[in-house]
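All remarks here apply to the structure that follows.
The values are calculated or read from the model by the stated rules, or taken from the named source; none is laboratory data. Just so you know, these numbers come straight off a predicted model, no measurement behind them. Note that each Cβ is placed from the backbone with ideal geometry, even for glycine, and that neighbours are counted across all protein chains shown.
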Amino acid sequence: MTKNSDYTSKLNEIYNKAKVIIRKNEIEYIKQELNKQNPNRAEWIDYVVKRADSQKAIVTVLITSFLKKIVEPNQDVRYHKIDLPNGYSGRTLDTKYVTPFIKEKFQRIAMKESGWLTRSIEQDHPFTKNFPGKIKDKKLKDYFLNIFDDLEVKNADPSIYLLYLFVLLIQKMESEKELFLNSLVDVNTNKNELTISNIISLLKLHFFYKYDDPGASYLPVIAIYSIYKLLIRDMKRYENKKLLPLKGHLVSDLKSKSIADIEIVDQDGQYFEGVEVKYNKPIDREMVLDVYRKIKNTPIERYYILTTANPNIKTGEEDQVNELLIKIKKESGIEIIVNGLINSLNYYLRLLVDPNEFLKAYGETLLEEYSKNSTIKNNHVEHWNEIYKDHYHT
């Protein structure tokens, strides 16, 4: 009978083995071992890891399936639901052991709860070649199902599969972190003082570049959060106040129980100030009402709604929005302030003792968020490095 500890110990055992392989530079040997019976196996895993940022569920399901097959060799892991003939609950195994492990080791590609909550995966059908799940990347779907066919029809070794997968994931995380650290070095070793105008120009280039990947809407949130790190340190208004960690751009307010993108609390943990950041959405009356519904029963004193849109208030609703703000202030004492995000950044930077400190704070926060979740992509990191070098670093 399988013990719960078997799953955890096996994950850690293979992960640690993968780290040793990297340290000893034996990656090519493991790749050759994987490809002994089928020269396409490494290519399948290589592609899965390449798409890991946007296909977290696929990675999670593969790790879960390899693990189950290692610990219980007689289980046909294509049958991933207990409703299927001789099936098992892949979702349960994932939720209890795999996703917590991924959150610890590969945080930025971890699912919130389980890979099986993804519609393309959660199908009452085994992972056979005719699996109907709508995985948009056809090549990825083919490779994904080829791996299951290889395990169950060709009797491939799940241990070598999982080992190679871990090797590539560790390499990916370490190389991407190194890339970002190199970007931070450029900021920290800059010899020239930048004006506030320079800093704003740099941020605009970073925010509004046409990226191939989603996630750019989170960059202004990171910028405002970075400003607050310094304001809380320097300004008397924020004495004995605490800046709460960012909760991730893709987590709903309802699930995270948050009232804003950026939240400041007092010593008792009561809300003191909040900031909501909108990307290219003009502020309208309904948006203000939505915010007020969230905060009206809290002790919060001040709340900002900032947008990258220009104009920042929806055309034709200026009077309605301003009248509503006055009414809310009179009724509740809460001051809701609406403004353009770039204007606010200009103002906040003028409040700092040394505006140049902001660039270091922004880079560090970007790194923190990059390591925690997949909203921030390689493109965002690389472009930050490029614009800084091209425009300001000498």
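Worth a mention:
- Residue within the stretch 197-215 that is surrounded by 17 or more Cβ atoms within 10 Å (Cβ to Cβ), in contact with a strand residue (DSSP E or B) (Cβ under 7 Å, 6 or more places away or on another chain) and of a type outside the set (Val, Ile, Thr) present: no
- Of everything in the stretch 226-255 that is of a type in the set (Gly, Ala, Ser) and surrounded by 14 or more Cβ atoms within 10 Å (Cβ to Cβ), the residue that is modelled with the highest pLDDT is SER226.
- Flag for ASP290 being closer than 18 Å to LYS329 by Cα, of a type in the set (D, E, K, R), assigned by TED's automatic domain parsing to the domain that holds LYS329 and free of Cβ contacts under 8 Å to residues at least 12 places away in the same chain: yes
- Count of residues meeting criterion [surrounded by fewer than 23 Cβ atoms within 10 Å (Cβ to Cβ), in a loop (DSSP other than H, G, I, E, B) and either not assigned by TED's automatic domain parsing to the domain that holds GLU152 or not acidic (Asp, Glu) (or both)] in the stretch 48-62: 3
- Residue count, the stretch 327-361 (criterion: in a helix (DSSP H, G or I), within 18 Å of TYR304 (Cβ to Cβ) and under 29 Å from the mean Cα position of the chain (by Cα)): 10
- Residue within the stretch 73-89 that is among the aliphatic types (A, V, I, L, M), surrounded by fewer than 22 Cβ atoms within 10 Å (Cβ to Cβ), modelled with pLDDT of 95 or more and within 21 Å of SER159 (Cβ to Cβ) present: no
- Residue match in the stretch 120-138 (condition: surrounded by fewer than 17 Cβ atoms within 10 Å (Cβ to Cβ), in a helix (DSSP H, G or I) and without any contact (Cβ under 8 Å) to a residue 60 or more places away in the chain): yes
- For the residues TYR79, TYR47, TYR88, the requirement of being over 19 Å from ASN146 (Cβ atoms) and of a type in the set (Phe, Trp, Tyr) singles out TYR88.
- Scope the stretch 271-289; condition in contact with a helix residue (DSSP H, G or I) (Cβ under 9 Å, 6 or more places away or on another chain) and in a loop (DSSP other than H, G, I, E, B); matching residues: TYR279, ASN280, LYS281, ASP284
- Yes/no for ASP268 being assigned to a loop (DSSP other than H, G, I, E, B), of a type in the set (Asp, Glu) and surrounded by fewer than 19 Cβ atoms within 10 Å (Cβ to Cβ): yes
- Contact map, the stretch 35-47: first residue in the same structural domain as ILE58 (by TED's automatic domain parsing), second residue at pLDDT 95 or above and polar (S, T, N, Q), Cβ cut-off under 7 Å, separation 6 or more or different chains; pairs are ARG41/ASN35; ALA42/ASN35; TRP44/ASN146.
- Verdict on GLU386 being within 27 Å of the chain's Cα centre (by Cα) and without any contact (Cβ under 8 Å) to a residue 24 or more places away in the chain: yes
- Within the option set TYR362, TYR348, being touching a Ser or Thr at 6+ places or on another chain (Cβ under 6 Å), assigned by TED's automatic domain parsing to the domain that holds TYR218 and crowded, with 18+ Cβ neighbours inside 10 Å holds for one residue only, TYR362.
- Residue count for the stretch 368-386 under the criterion of being outside any loop (DSSP other than H, G, I, E, B) and surrounded by 18 or more Cβ atoms within 10 Å (Cβ to Cβ): the result is 7.
- VAL77 more than 30 Å from the chain's Cα centre (by Cα) and more than 16 Å from LEU165 (Cα to Cα): no
- Unique residue being among the β-branched types (Val, Ile, Thr) and at pLDDT below 95 when the list is ILE109, ILE70: ILE109
- Of the residues making up the stretch 295-326, just one is free of Cβ contacts under 8 Å to residues at least 40 places away in the same chain, touching a Leu at 6+ places or on another chain (Cβ under 9 Å), within 24 Å of ARG237 (Cβ to Cβ) and not in a loop (DSSP other than H, G, I, E, B), namely THR307.
- Among the residues of the stretch 99-132, those identified as under 18 Å from the mean Cα position of the chain (by Cα) and among the aliphatic types (A, V, I, L, M) are ILE102, ILE109, ALA110, MET111, LEU117.
- Residues of the stretch 63-72 that are surrounded by 24 or more Cβ atoms within 10 Å (Cβ to Cβ) and among the hydrophobic types (A, V, I, L, M, F, W, C): ILE63, PHE66, LEU67.
- Filter result (farther than 13 Å from LYS177 by Cβ, of a type in the set (A, V, I, L, M) and touching a Phe, Trp or Tyr at 6+ places or on another chain (Cβ under 7 Å)) within the stretch 351-380: LEU352
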